[in-house]
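Visitor: My questions will all concern the structure given below.
Just so it is clear, none of the values below were taken in a lab; they were calculated from the coordinates. None of the values given here were measured: they were computed from a predicted structure. Note that we place each Cβ from the backbone using ideal geometry, even for glycine, and neighbour counts take in every protein chain shown.
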């Protein structure tokens, strides 16, 4: 299996069990080794007291992109630490895109950066995730 095929197969396996991302209406738009792009349309149910998108939903989109990117090597990987900086408000009806890229893999740890944008490419948030590989794989390992 090529690295791309492995990333796609791992993502399919994860997606099948990811009810949170699915129920929020996310779509998995791109997967490759160490990268993933997901998108989601902001609904009324995701609004805060200011009438904008609640930051937790932006964080969740970034976290999902992070998860698919760092799990693209058929290893079980979890978040060890995450942080987000919000740059612009997001409005109801906006379609957000979260693009994750691997930055610094080191042994069982890694650092991934996610850029969250809205239509037209406006950069609304920056998310950094630190990953940790744990025991197990998504797919059976060939002998």
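Visitor: Rank the residues 114, 26 as a footprinting-exposure proxy: fewest other Cβ atoms within 10 Å of their Cβ go first. Each step should come with its number before you reach the end.
Guide: Values: 114 26, 26 22.
With the fewest neighbours first, 114, 26 line up as 26, 114.
Visitor: So if R0 is 25 Å, what FRET efficiency would residue 108 and residue 32 give, r being the distance between their Cβ atoms, rounded to the nearest 0.05? Don't skip to the answer; put the middle values down first.
Guide: Details: r = 21 Å, r/R0 = 0.85.
Computed FRET efficiency for residue 108 and residue 32 comes out at 0.75.
Visitor: Would you indicate which of [x] 15.3; [y] 15.6; [z] 16.9 is the value of Kirkwood radius over Cα pairs in Å derived from the coordinates of this structure?
Guide: Entry [x].
Visitor: In degrees between 0 and 90, to the nearest 10, how far off the longest principal axis of the chain does helix 3-17 point, with axes built from Cα atoms?
Guide: The helix 3-17 is inclined about 60 degrees to the chain.
Visitor: Next up: For helix 55-70, report the angle its Cα long axis makes with the longest principal axis of the Cα atoms of the chain; keep it between 0 and 90° and round to the nearest 10°.
Guide: So the helix axis and the longest Cα principal axis differ by about 20 degrees.
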